[in-house]
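Contents: one structure, followed by commentary.
The values are calculated or read from the model by the stated rules, or taken from the named source; none is laboratory data. None of the values given here were measured: they were computed from a predicted structure. Glycine gets a Cβ as well: all are built from the backbone with ideal geometry, and neighbour counts include every protein chain shown.
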Amino acid sequence: MADDMGAMAKVATVSAKRGETQLQVALAEAREQRRIQLRAARLLVQVVHPLWSPDEDSRILKMKSQGIHFTAISDDLGRSRIAVEQRWHRLRAVPQVQQLLIDFGTSEKRWPDALMDVLGAGGAG
């Protein structure tokens, strides 16, 4: 996934070498970003839960990586400690979940709605 940003830079470089306009380069970058987002959605589908949002998942992982205790995280999210702890364990089952959440993009909407926003936009591109 660290290569995804490199892939976008490569798209811009190749497009520029072809003499494409700024609009064409921007469109190529947008297509590449969309590809990255859809890949993340596909890999994250295994942790989709109707009561959680991508934003909450990102916050749990970030705070836990900073050494913050589940009790403090649960207070911040307004959830029970056990719910946060169980969610953290579920998220950790997905390799590179933090990067996938970054690639997917944050949303305060619950997972089903956030996924529909991303997948529904697929027909427009």
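Just one of 23, 44 is within 24 Å of residue 115 (Cα to Cα) and of a type in the set (A, V, I, L, M, F, W, C); which is it?
Working: 23 fails: within 24 Å of residue 115 (Cα to Cα).
The conditions single out 44.
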Could you list all residues from segment 105-119 that are over 15 Å from residue 52 (Cβ atoms) and either modelled with pLDDT under 85 or not in a helix (DSSP H, G or I) (or both)? 105
Anything in segment 22-56 that is out of contact with any helix residue (DSSP H, G or I) (no Cβ under 7 Å at 6 or more places or on another chain) and of a type in the set (Gly, Ala, Ser)? List them, or say none. 26, 30
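Does residue 59 count as in contact with a Leu (Cβ under 7 Å, 6 or more places away or on another chain), crowded, with 16+ Cβ neighbours inside 10 Å and more than 14 Å from residue 100 (Cβ to Cβ)? Step through it out loud before you land on a result.
Working: in contact with a Leu (Cβ under 7 Å, 6 or more places away or on another chain): yes; crowded, with 16+ Cβ neighbours inside 10 Å: yes; more than 14 Å from residue 100 (Cβ to Cβ): yes.
Yes, satisfied.
Output the residue which, of all residues in segment 74-94 that are of a type outside the set (Lys, Arg) and assigned to a loop (DSSP other than H, G, I, E, B), is surrounded by the most Cβ atoms within 10 Å (Cβ to Cβ). Quick ask: steps written out before the conclusion?
Start the filter on segment 74-94 by keeping residues that are of a type outside the set (Lys, Arg), which leaves 74-78, 80, 82-86, 88-89, 91, 93-94.
Those still in the list that are assigned to a loop (DSSP other than H, G, I, E, B) too: 78, 80, 93-94.
On the way: 78: 7, 80: 12, 93: 9, 94: 16.
Within segment 74-94, the match that is surrounded by the most Cβ atoms within 10 Å (Cβ to Cβ) is 94.
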In segment 35-56, which residues are farther than 20 Å from residue 110 by Cα and surrounded by fewer than 17 Cβ atoms within 10 Å (Cβ to Cβ)? 35
So, in segment 1-36, exactly how many residues are within 17 Å of the chain's Cα centre (by Cα), acidic (Asp, Glu) and at pLDDT below 90? 2
